[in-house]
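*Asks:* Structure in structure tokens, see below.
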Amino acid sequence: MKHKLISFGAILIAGISLAACGNKQAASKSNKPLNVTLPDEPLTADPNKSTDTNSAQLIFQTYEGLYTYNKANKLTPGVATKKIKPTNNGTTYTFNLKKNAKWANGQTVTAQDFVNSFRRTVDPKTKAQYASLYDAFKNYAAIQAGKMSADKLGAKAIGKHKLQIQLTKRVPWFNDLVASKFYPLNTATVKKYGQEYGTNASKTMANGPYKLTGWTGSNSSWHYVKNPHYWDAKHVKINKINVTVTKDQNTAINLFQSGKIQETNVSGQYVKANAKNPNLHKHLTGRMNYLYFNNKYKPTNSENLRQAFSYIIDNQTITDDVLQDGSAPAKSMIPIGDQKDPATGKDMATSIGNLLPTDKATAKAYWNKYLKETGKKSITLNLLTDDLDEDKHVGQYIQAAAEKNFKGLKITLTSLPHAQHVDRDFNGKFQLNLTGWSTNWLDAYDFLDLLQTGNSVNFTNWSNKTYDNMLNEANAATGQARYDKLAAADKYLMSVKGAIPLYQPAENKLISSKVGGLTYSILNEAQYKYAYWK
């Protein structure tokens, strides 16, 4: 009997030892940082002012809206207790908030934090360049016009944990906005720093799975550190994410191969040469890249010029020979996978077909019309691009194709860091511009609206009443009628070439086999809160 007791004790002790060992291993893995890269510096950590993809990625990791996305990139409750159905014909949304949703400083996330964030965005004093995302909110237009104070916006707190949003019209993509754009802000922190909120890590307050540390506003490396007050912190497996801006692909590849980083972007020749690499993961993004013409300047305010460039550029050559990274040639304003025909389930971009054919003879005819229109025999135009390799290479292709076929044309190239490029976009300081748009919801209107008169991100300054009316009619319709009207607007826009779509980028990632949980979609980057060490 005594012998049996000792044996049981030995087994018990061994079991405790194994459990302790397992706990130590789990703790060791959670404390091991994940090292990732971004292709360029973010401009801000302020969700109200974010305009670029790098800032959006930073915000995506550190904030959480009423909804968020699960491991499979499907909508799921975030700060809200559940997904809800709107009332009043799709114009009133009433959310209950989780009582355990906390800011990184331990304060409760309140309904008023959402309301104050929304009001701050639409207040003209904030100069939020994407304030138009709130254009369906009650009183938005009057507030933007300075005719009404921001506190009249259609959003109110009904107590500490209930938020109500009042719209003026049904918004088909509203749930995606709730998950990706309509973030709360910590009221006390914003009050303390005012316009400087989000300019560096110390002037930012997160409510998501990670808080931002080490970012000065201009440096090229920082950290996402686990927010211990996050309501779902127990499921965040990695405590620290180290982020480094790595613009040079060879540097990124070397860092990955040496095990110093576990996730990074690659493109071009590397992707083509390493197609069978098990660490290489590829997917099309919800983005379209365009060639814009600035209609504020006489030399580039010409349909003949736009048509000439459209017919001389071969989008298939751009994707197959220049980029070589799996990107898809644009066939219209709409990317693949963005919207489906309600009747057939077929993809809009595929169904519409190629509205951007290449034809050198037609291109030269339009170029001659352009020269006659301007009364010039020769002209020099400047093309603005990002300073990333793929953007510069696409710019060089456009330069070579146009100069070779258009007599009297010279194109100069200006390549700038992304932040400076975006600044030039908004200030209209360009003639030709290689730029792009990434969507946060699956609906063609988000891309077609880029060229609508008065849109704050209509960098072309192109204006066409027929097109505006077509979009307005489409947005007033529902179901199949709306789809058909959006398709018609796309066809019209391509017939007059308000802009020239070039390609839908593919994103290629090198991901370490030692890391799991990193999943991507047409809308979203991977959420690091789901990442884990294998």
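The values are calculated or read from the model by the stated rules, or taken from the named source; none is laboratory data. Worth saying up front: this structure is predicted, and the values here are computed from it rather than measured. In this analysis, Cβ positions are derived from the backbone assuming ideal geometry, glycine residues included, and neighbour counts consider all displayed protein chains. Side chains are part of the model used for accessible areas, which takes the heavy atoms of the whole protein and leaves out ligands, DNA and RNA. Shrake-Rupley method; radii C 1.70, N 1.55, O 1.52, S 1.80 Å.
*Asks:* Nothing charged except the Cβ atoms of Lys and Arg (+1) and of Asp and Glu (-1): what's the magnitude of the dipole of the range 139-280 about its Cα centre? Round to the nearest 20 debye.
*Replies:* That gives a dipole near 420 debye.
*Asks:* Related question: Tell me the relative contact order for the range 282-418 as a rounded percent, counting alpha carbon contacts under 8 Å between residues six or more apart. Display every interim value, and only then the final one.
*Replies:* Working: 177 pairs, mean separation 34.0, N = 137.
The normalised contact order for the range 282-418 reaches 25 percent.
*Asks:* So for L255, L66, what's the accessible-area order with a 1.4 Å probe, most first?
*Replies:* L255, L66
*Asks:* Counting alpha carbon pairs within less than 8 Å and at least 6 residues apart, what relative contact order, in whole percent, applies to the chain?
*Replies:* Relative CO of the chain lands at 18 percent.
*Asks:* Also, I was wondering about something else. Taking each pair of different alpha-carbon atoms in the range 36-113 once, compute 1/r for the pair, average those values, and report the inverse of that mean as the Kirkwood hydrodynamic radius in Å to one decimal. Could you put the intermediate results ahead of the total?
*Replies:* On the way: mean 1/r = 0.0687 Å⁻¹.
Over the range 36-113, the inverse of the mean reciprocal pair distance is 14.6 Å.
*Asks:* If you scale each eigenvalue of the Cα gyration tensor by 5 and take the root, what three semi-axes come out for the range 437-503, rounded to whole angstrom and sorted largest first?
*Replies:* On the way: eigenvalues 63, 38, 28 Å².
Equivalent-ellipsoid dimensions as semi-axes: 18, 14, 12 Å.
*Asks:* Round to a whole number: what % of the accessible area of the range 101-159 belongs to carbon and sulfur, probe 1.4 Å?
*Replies:* Its accessible area is 48 percent carbon and sulfur atoms.
*Asks:* Over 36 Å, how big is the tail of the calculated P(r) for the chain, in percent of all Cα pairs?
*Replies:* Taking all Cα-Cα pairs of the chain, the fraction more than 36 Å apart is 38 percent.
*Asks:* Here's something else I'd like to know. Treat every Asp and Glu Cβ in the chain as -1 and every Lys and Arg Cβ as +1, leave all other atoms uncharged, and give the resulting dipole magnitude about the Cα centre to the nearest 20 debye.
*Replies:* Its charge dipole is roughly 1700 debye.
*Asks:* Of the chymotrypsin sites (Phe, Trp or Tyr not before Pro) in the range 123-172, which ones lie in a loop per DSSP and count no more than 16 other C-beta atoms within 10 Å?
*Replies:* Here the sparse-neighbourhood loop sites are Y130.
*Asks:* Next question, about the same structure. P(r) for the range 252-296, please, calculated from all Cα pair distances in 10 Å bins and given in %.
*Replies:* Result, from short to long distances: 20, 41, 21, 12, 6 percent.
*Asks:* Further, regarding this structure: Quickly estimate the mean residue ellipticity at 222 nm for the chain, helices only: each DSSP H run with n ≥ 4 gives -39500 (n - 2.57), and the total goes over all residues, rounded to 500. Mind showing how you got there, number by number?
*Replies:* Working: 16 runs with 177 residues, N = 534.
Only helices count here, giving -10000 deg cm²/dmol.
*Asks:* Right, next: What is the percent of Cα-Cα separations in the range 161-259 that go past 22 Å?
*Replies:* For the range 161-259, the fraction of Cα-Cα distances above 22 Å is 52 percent.
*Asks:* List the trypsin sites (Lys or Arg not before Pro) within the range 301-347 that DSSP assigns to loop and that have no more than 16 neighbouring Cβ atoms inside 10 Å.
*Replies:* Hits after loop and neighbour filter: K346.
*Asks:* On to the next question. Tell me the per residue accessible area of the chain using a 1.4 Å probe; a whole number in Å² is fine. Write down the numbers at each step before the final one.
*Replies:* Working: 23530 Å² over 534 residues.
In whole numbers, the chain has 44 Å² accessible per residue.
*Asks:* May I ask for the angle, rounded to the nearest 10°, between helix 53-62 and the longest principal axis of the chain, with both axes built from Cα atoms and the value confined to 0 to 90°?
*Replies:* Helix 53-62 sits at roughly 20 degrees to that axis.
*Asks:* How many percent of Cα pairs in the range 80-166 exceed 20 Å? Write down the numbers at each step before the final one.
*Replies:* Details: 1434 of 3741 pairs.
When all Cα pairs of the range 80-166 are counted, 38 percent exceed 20 Å.
*Asks:* Sorted by average packing, counted as other Cβ atoms within 10 angstrom per residue and highest first, what order do 414-420, 56-62 take? Spell out each step's value before the answer.
*Replies:* Details: 414-420: 17.0, 56-62: 23.0.
Taking the mean over residues of other Cβ atoms within 10 Å, the ranking is 56-62, 414-420.
*Asks:* Using only Cα atoms, what is the ratio of the radius of gyration of the range 270-335 to 2.2 N^0.38 Å?
*Replies:* Ratio of Cα Rg to 2.2 N^0.38 Å: 1.46.
*Asks:* Over all directions, average the projected area of the Cα convex hull of the range 258-398 and note it in nm².
*Replies:* Averaged projected area of the range 258-398's Cα convex hull equals 12.0 nm².
*Asks:* Compute, for K364, the solvent-accessible surface of its heavy atoms (probe 1.4 Å) with the complete set of protein chains present, and express it in square angstrom to the nearest 10.
*Replies:* Spelled out: K364, probe radius 1.4 Å, area about 90 Å².
*Asks:* Something else now. Using just the alpha carbons, could you tell me how many Å³ per residue the convex hull of the range 359-508 encloses?
*Replies:* Given the Cα convex hull of the range 359-508, per-residue volume reads 147 Å³.
*Asks:* Continuing with the same structure: Please arrange K152, K98 by accessible surface area, largest first, computed with a 1.4 Å probe and ligands excluded.
*Replies:* Largest accessible area first, the list is K152, K98.
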